[in-house]
Amino acid sequence: MKKTIIGDPLPNIPWQDKPKGSSEVMWRYDKNPVIGRNAIKSGGRIFNSATIPYKGEFIGVFRADHKNGYPGLHLGTSKNAIDWDINDETIKFYNEDGSPADPIVYAYDPRLVKIEDAYYITWCNYFYGPTIGIARTKDFKTFTQLENAFLPFNRNGVLFPRKIQGEYVLLNRPSDNGHTPFGDIYLSHSKDLTYWGKHRRVMATTHYWWKNVKLGPGPIPIETTEGWLMIYHGVCQSCSGFIYSIGGALLDIDEPNRIIADCENYLLTPEAPYEVNGFVPNVTFPCATLHDADTGRIAIFYGAADTYVALAFAQVDELIDYIKANPNKPL
Ligand code: BMA
């Protein structure tokens with residue numbers, strides 16, 4: 001069988017075949033949502049969260065919006081990546097010298113990646129406004145917070161899963177302090193995960209209505225023989241607010257600020273009851289994938305309506321063919 005995903009086999013990821021008769025390239029888990037309201041005592045809503053394989057099972061960093069309104073990051077474990085055991089306490093961070101890090105005011109939309117022998121969490125961190133926080137762990141017991149990557153305001157920090165041309169690469173989305181009405185995807189380089197520079201624009205909003213207001217990178221990009229598969233969110237505005245859909249593109253392997261193909265169509269848009277009803281209706285916000293290099297199966301974890309965690313599935317070859325067959329066209 002053709003191996004398109006460059007990576008490890010991971011046969012135990014969640015999976016359901018595409019429903020018979022469906023023409024979608026990304027289809028929902030039929031038991032969605034996988035995390036409902038009030039899953040932990042301290043927080044009423046868990047959504048926009050990340051997971052990764054760990055020691056034969058799965059571990060995750062979850063965004064929980066607490067009863068005081070602030071979001072925090074919580075660790076969770078699972079044998080099947082569907083049924084989760086999530087800590088009620090937030091993750092405690094330490095500085096590199098072992099002293100406790102400054103208290104977290106708010107932390108949200110985590111991403112989780114393994115680079116070489118360590119795991120990194122990136123998230124939207126309060127620093128006189130939102131910017132990108134970074135922490136490292138090797139055992140999911142001790143978490144070392146690194147310097148914030150950027151000045152405010154920035155959201156959606158997403159690390160590539162390996163150094164590219166000797167440097168760490170971080171997708172990010174400069175923003176404002178509120179419900180940003182603009183936003184293109186950029187990337188930044190670093191030799192040490194502390195000093196970030198050599199900023200490049202990756203992707204701008206387009207005339208296509210579902211992604212004409214703002215964009216943001218989603219899960220950790222997946223390395224494939226066809227380029228980096230970048231799943232992202234695209235946003236449009238209706239009379240009653242923003243609508244967040246899921247898009248897909250391929251980026252150049254050595255220079256990922258270069259787009260090989262970007263799909264004019266969304267891959268998934270709010271339709272299911274748990275996507276169109278909730279704290280913020282009409283949001284599908286992808287933050288993580290689990291993927292199996294042997295079968296090309298991809299399980300996509302996304303936040304639904306800022307209220308739930310939901311799952312969708314795709315087959316890598318079908319997804320890439322669809323992206324290439326339906327490219328953005330100029331107006
Ligand atoms: C963005 C972030 C996301 C959220 C989205 C929709 O600005 O706050 O966490 O899912 O808005 O409300």
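Couple of notes before you dig in:
- Residues satisfying the stated conditions in the stretch 12-48, i.e. open to solvent by 70 Å² or more (accessible area, probe 1.4 Å) and touching an Asp or Glu at 6+ places or on another chain (Cβ under 6 Å): 41
- Of all residues in the stretch 194-243, exactly one satisfies the criterion of being aliphatic (A, V, I, L, M), assigned to a strand (DSSP E or B), open to solvent by less than 30 Å² (accessible area, probe 1.4 Å) and over 18 Å from residue 259 (Cβ atoms), namely 235.
- Within the stretch 264-310, the residues that satisfy the criterion of being within 16 Å of the ligand (Cβ to nearest atom) and among the polar types (S, T, N, Q) are 269, 277, 282, 284, 307.
- Scanning the stretch 250-272 turns up no residue that is in a helix (DSSP H, G or I) and farther than 19 Å from residue 202 by Cα.
- The stretch 100-129 - residue that is of a type in the set (A, V, I, L, M) and touching a Leu at 6+ places or on another chain (Cβ under 6 Å) and, of those, farthest from the ligand (Cβ to nearest atom): 113
- Selection count where residues are without any contact (Cβ under 8 Å) to a residue 40 or more places away in the chain and either among the small types (Gly, Ala, Ser) or open to solvent by less than 60 Å² (accessible area, probe 1.4 Å) (or both), scope the stretch 100-119: 2
- Counted residues, the stretch 120-161 - those being of a type in the set (S, T, N, Q), in a loop (DSSP other than H, G, I, E, B) and in contact (Cβ under 8 Å) with a residue 24 or more places away in the chain: 1
A quick yes/no check of all residues on (1) closer than 19 Å to residue 123 by Cβ; (2) in a strand (DSSP E or B):
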{"position": "274", "(1), (2)": "no, no"}
{"position": "278", "(1), (2)": "no, no"}
{"position": "285", "(1), (2)": "yes, yes"}
{"position": "289", "(1), (2)": "yes, yes"}
{"position": "295", "(1), (2)": "no, no"}
{"position": "298", "(1), (2)": "no, yes"}
{"position": "303", "(1), (2)": "yes, yes"}
{"position": "312", "(1), (2)": "no, yes"}
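- Tally of residues being away from the ligand (no atom under 12 Å from the Cβ) and at positive phi across the stretch 165-197: 3
- Count of the stretch 53-85 residues which are surrounded by 21 or more Cβ atoms within 10 Å (Cβ to Cβ), of a type outside the set (D, E, K, R) and in contact (Cβ under 8 Å) with a residue 40 or more places away in the chain: 7
- Selection within the stretch 120-168 - touching a Cys at 6+ places or on another chain (Cβ under 8 Å) and among the aliphatic types (A, V, I, L, M): 132
The values are calculated or read from the model by the stated rules, or taken from the named source; none is laboratory data. Because the structure is a prediction, the values reported are computed rather than measured. Counting neighbours? That spans all protein chains shown, and the Cβs are built from the backbone with ideal geometry, glycine included. Heavy atoms of the whole protein, side chains included, go into the accessibility calculation; ligands, DNA and RNA do not. Shrake-Rupley method; radii C 1.70, N 1.55, O 1.52, S 1.80 Å.
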